[in-house]
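Read the structure below first, then the notes.
The numbers here are math on the coordinates, done by the rules we state, and not lab data. Just so it is clear, the model here is predicted, and its values are computed rather than measured. Ideal geometry is used to build each Cβ from the backbone, glycine not excepted, and the neighbour counts take in all protein chains shown.
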Amino acid sequence: VAPLASEAPEWFVQKSTHRYGPFTFLGLIRALQEKSVFEFDFAWKQGMDGWARIAELPEFQADRVRQVAQAGGAEVRKHFF
């Protein structure tokens, strides 16, 4: 079973024609909450076929994010508002 939140900086974000990263999973969650990255932006990590909208990725669905927040300790919870 894969861990809920990898600490590896493996996520990249594409906004318009610019690409940013790498981000950790929790770093990308925080960027979403801070509104520096949006659900309509694209994300990619090694192993994916191509870029996909963040809103379409199972890792960033509300239930999954809630599960990560509840299962994590204080270090994980600091990434959530």
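What the table below lists for this structure:
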item	result
Distance (nanometres) between label positions extended 7 Å along Cα→Cβ at M48 and E34	2.0
Efficiency of FRET from Cβ geometry, E10 and A71, R₀ 25 Å, rounded to 0.05	0.80
